[in-house]
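Below is one structure, written out as structure tokens, with a few remarks after it.
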Amino acid sequence: MARITASVYTSHVPAIGAALDLGRDQDDYWRPLFQGYEPSKQWMKDNKPDVIFLVYNDHATAFSLDMIPTFAIGTADSYTPADEGWGPRPVPTVVGHPELASHIAQSVIQQDFDLTIVNKMDVDHGLTVPLSLMCGQPGPGQGWPCPVIPFAVNVVQYPVPSGQRCFNLGRAIRNAVESFDEDLNVHIWGTGGMSHQLQGARAGLINKEWDLNFLDRLVDNPHGLAKMPHIDYVREAGSEGIELVMWLIARGAMSDIDSPAPVPRVAHRFYHVPASNTAVGHLILENQ
Ligand SMILES: O=C(O)c1ccc(O)c(O)c1
């Protein structure tokens, strides 16, 4: 049986990818941020998954206002890093896991969540920056450490899904993974956030107190956190703070949610302001 053993939560700012790709990660501005991910890169080596189920949002790259699915699962063999205006990031093609992805699609749709099936798409910084932060930059000829199943959530065009729906979807994903008939160690990642607003009168908004409280509640009281209405995210964490509902998908997939299992172990926690216009938050939770 496949099993979700851990979840990872991290922001996905595009400038982080640019800093790595341009060799600027040891600049005074960036060093403290990348230092916060050193334990994470070691943790990835010590806890190498067979597959990463990576929840992220597309930024008008694969989708656009012409057509934007609420939840979309990648069932392809591979995904090319997207050109977001400055050429594609010089990072490896992302290898998929079509068998597990198709199984999850079947199971989750039968659990009454409507997913869009994506057999071809490019992946933008929402997916590749978390991989870079957690895995470092693969050398020439190297790939990412394992296959990745991209799972795109619409947090760009209103209406967006509620935190509760994302949390419940995480449960359905866990059921799906656990009914896959192969012994696979799966990690689920929730990405995006934390507080940031990129446009309008409140551009540049950061809310450290709210972010730290979100991290606490994500670990200790995810059921309560899932009830928070979307307007609270936008009001408190800025228009792009709504990306944090994606973290609830990963948290909903952890084993303590429906059982008396202990609260997951916090393997690493980190918070840093600023990275470009964004507050960077990061957690690694292990099922016990
Ligand atoms: O802080 C920023 O610059 C920034 C830009 C684009 C994004 O998608 C984002 O999440 C952050």
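Laboratory data are not the source of any read-out in this text; all were calculated from the coordinates shown. In this text, all values refer to a predicted model and were calculated from it rather than measured experimentally. Because the Cβ atoms are built from the backbone with ideal geometry, glycine has one as well, and the counts that use them run over all protein chains shown.
Each of the peptides 3-13, 111-121, 22-32, 70-80 was scored by the mean count of other Cβ atoms within 10 Å over its residues; in descending order, highest first, they stand as 3-13, 70-80, 111-121, 22-32. What are the ³J(HN,Hα) values, in whole Hz, obtained from phi via the Karplus relation 6.51 cos²θ - 1.76 cosθ + 1.60 with θ = phi - 60°, for each residue of region 147-160 in sequence order, with x given for Gly and Pro? The phi angles translate into x, 10, 9, x, 10, 8, 10, 7, 10, 10, 10, 6, x, 9 Hz. By the rule of a C-alpha distance below 26 Å, with chain neighbours fewer than 8 residues away ignored, the lysines paired with Lys41 are Lys208.
When region 1-41 is described by a simple charge dipole with +1 on each Lys and Arg Cβ and -1 on each Asp and Glu Cβ, the residue from Pro32, Val13, Met1 located farthest towards its positive end is Met1.
Highest mean packing comes first when the peptides 237-246, 139-148 are listed by Cβ atoms within 10 Å, giving 237-246, 139-148.
Distances between placed amide hydrogens fall under 5 Å for Ile149 paired with Ile52, Phe53, Leu54, all partners being 5 or more residues away or on another chain.
The tail of the calculated P(r) for region 185-232, taken as Cα-Cα distances beyond 14 Å, holds 65 percent of the pairs. Residues whose amide H comes within less than 5 Å of that of Val123, counting only those at least five positions distant or on another chain, are Thr80, Ala82 (H built at 1.01 Å from N in the peptide plane). Cβ-to-Cβ counts within 10 Å put Ile284, Ile206, Ile249 in ascending order as Ile206, Ile284, Ile249, the fewest first.
Overall form of the chain: rounded. Here a/c, set by the Cα gyration tensor axes a ≥ b ≥ c, is under 1.5.
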